[in-house]
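Heads up: the structure comes next, in structure tokens.
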Amino acid sequence: MFFPSEPFRIKVVEPLRRTTREEREELIRKAGFNVFNLPAEAIYVDLLTDSGTSAMSDNQWAGLMLGDESYAGSRNYYHFEETVRDIFGFKHIIPTHQGRVAENLLFSTILKEGMVIPNNIHFDTTRANVEYNGGKALDLVIDEAYDPHIDHPFKGNIDLEKLERAVEEYGPERIPLVLLTITNNSGGGQPVSLENIRQTRQLLNKYGIPLFFDACRFAENCYFIKEREQGYQNKPIKEIAREIFSHGDGCTMSAKKDGLVNIGGFIGINNDELAAQITNRLILIEGFPTYGGLAGRDLEAISRGLQEVLNEDYLNYRISQVRHLGQMLEENQVPILKPIGGHAIYLNAREFLAHIPQHQYPAQALTVALYREAGIRAVEIGGLMFGHKDPQTGKEVYPELEMVRLAIPRRVYTTQHMVYVAEAISNIYRNREQVKGFKITYEAPVLRHFTVRLEEID
Ligand code: PLI
């Protein structure tokens, strides 16, 4: 077994509390069987998300002390702008307090009723921001992405034929931009190849459609390109990143992922007019353009985080830690999505709990079982998150994949934590027949998984 060793040592520790099974039973019932409602202190290993949960380095913490909290023209903004431009290359860099605000600013500016945004797969906040602003969110990833057994090196690639068909069907005037999510979170943290990016660009050039990136996990995507794509083995990660973004007209970024910080984001954009419109909206809802909803110290931590995330020792450890967890699960025959992605392991709940039908939310049932068994928090990415009522038939429509995501926070948990998680899951798998399905008792009209309440079916 290959153990990924950490390219850092631990200077500060955060104690974790262990709970009893009885305590967890009471807490999960009180939470309406929704792990978003659990107090974080009652969780032993929190794999809900890799977003905003990274451990910052000593260099980043030192940067916080250099925060310049001037309302306008903070020195940290200039450092941030210089760093982002150096990696991403876009002309205008607009800070926001997190990724979904970047999405909201972009889509509320460019979308008109009836417009369409193609993507490989929209993340849930991206889809919601497109739809809320009158657009239609199209997921056009390659078909292989929907088969959890296919071992494709770039399963995040957009399907160019599907894209061209969409352009012909809706017309280029109804497509203000195409997004590529790198890595493709909702499809398993799978990378997009540079070849696919180049081809997408060429196709869009024919129609004059801009290409944008949802760049949350761009460094992890670059690592996979270096590892898997011919011609990139000897290229530094930063050069790969620059090549990716050279094909784009802009990006949205949640720095809470590959910015290695707890809060922050930005929009990068080349179009002057669009940048001006977005900036005006930013002033209305986020703040002055040199802080965009963040403190100066946060901007400094992002600048430093973006430089650290390009370090190959770090990326090698990061990807290997996730892979190691996946390999331990595979050794115990636990069904997971293949190949193992960049930031998370995705348990294939449909196969794991084959006795629970999709309308009883097997992925949610598995998420609850993980908490009950071991105090581990994961997130459902299946019928609860993406299921919805068809407006015409009123029937519930379910997504193709029914997954539980174990997102690994960056630089937070040790190998021993991963062994603990693998053992707990393998144990549930051995006793899977005991896990029961759920029904919804309350749901909100958008992004229902955050506040849903459920009842166990006997
Ligand atoms: O959580 P935000 O608002 O900083 O970022 C939104 C967002 C946009 N795109 C993608 C691909 C994401 O993964 C994303 C946030 N992801 C979360 C919260 C996650 O748990 O994966």
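For the chain, what is the relative contact order in percent, using Cα pairs closer than 8 Å and at least 6 residues apart in sequence?
Dividing the mean separation by the residue count of the chain yields 23 percent.
Filter the GluC sites (Glu not before Pro) in segment 314-419 down to the DSSP loop ones having no more than 14 other Cβ atoms within 10 Å, then list what survives.
E400
What trypsin sites (Lys or Arg not before Pro) in segment 49-128 are in a loop by DSSP, with at most 15 other Cβ atoms within 10 Å of the Cβ?
Qualifying residues, ordered by number: K91, K112.
Rolling a 1.4 angstrom probe over the protein chains, ignoring ligands and nucleic acids, what is the accessible area of R430 in square angstrom, nearest 10?
In the full protein context, R430 sits at about 150 Å².
What ranking of D458, D50 comes out by heavy-atom accessible area, probe 1.4 Å, highest first?
Largest to smallest exposure gives the sequence D458, D50.
Could you tell me whether segment 301-437 comes out rounded, prolate or oblate from its Cα gyration tensor? Rule is a ≥ b ≥ c as square roots of the eigenvalues, rounded for a/c under 1.5, then prolate if a/b exceeds b/c, otherwise oblate.
Taking the square roots of the gyration eigenvalues as a ≥ b ≥ c, segment 301-437 is oblate.
Jot down the radius of gyration and Dmax of segment 253-349, Cα atoms only, both in angstrom.
Just the Cα atoms of segment 253-349 yield Rg and Dmax of 18.6, 55 Å.
Sum up the lysine pairs in segment 193-265 that clear both bars: alpha-carbon distance under 25 Å and a spacing of 8 or more or different chains.
For segment 193-265, qualifying lysine pairs total 7.
Could you state how much accessible area Y146 has, in square angstrom rounded to the nearest 10, with a 1.4 Å probe and all protein chains kept in place?
Looks like 60 Å² after rounding.
Per the Kirkwood treatment, what hydrodynamic radius in Å, one decimal, follows for the chain from the mean inverse distance over all distinct Cα pairs?
22.5 Å
What dipole magnitude, in Debye to the nearest 20, does segment 27-123 give about its Cα centre under +1 on Lys/Arg Cβ and -1 on Asp/Glu Cβ?
Around 380 debye, computed over segment 27-123.
How big, in percent, is the set of alpha carbon pairs in segment 115-226 lying more than 24 Å apart?
Tail fraction, whole percent: 19.
Given a 1.4 angstrom probe, what's the average accessible area per residue across segment 108-231, in square angstrom?
Result: 35 Å² of accessible area for each residue.
Counting other Cβ atoms within 10 Å of each Cβ, which trypsin sites (Lys or Arg not before Pro) in segment 388-417 have at most 12 and sit in a DSSP loop?
K395
What 222 nm value per residue comes from the helices of the chain, counting each DSSP H run with n ≥ 4 as -39,500 (n - 2.57) and dividing by all residues, nearest 500 deg cm²/dmol?
-12000 deg cm²/dmol
Using only the Cα atoms of segment 49-141, build the gyration tensor, take square roots of its eigenvalues as a ≥ b ≥ c, and label the shape rounded, prolate or oblate: rounded if a/c is under 1.5, else prolate if a/b is larger than b/c, else oblate.
prolate
The values are calculated or read from the model by the stated rules, or taken from the named source; none is laboratory data. Since we're looking at a predicted model, the values are computed, not measured. When we count neighbours, we look across all protein chains shown, and the Cβ atoms used for this are built from the backbone with ideal geometry, even at glycine. The area values use the complete protein model at the heavy-atom level, side chains included, leaving out ligands, DNA and RNA. Shrake-Rupley method; radii C 1.70, N 1.55, O 1.52, S 1.80 Å.
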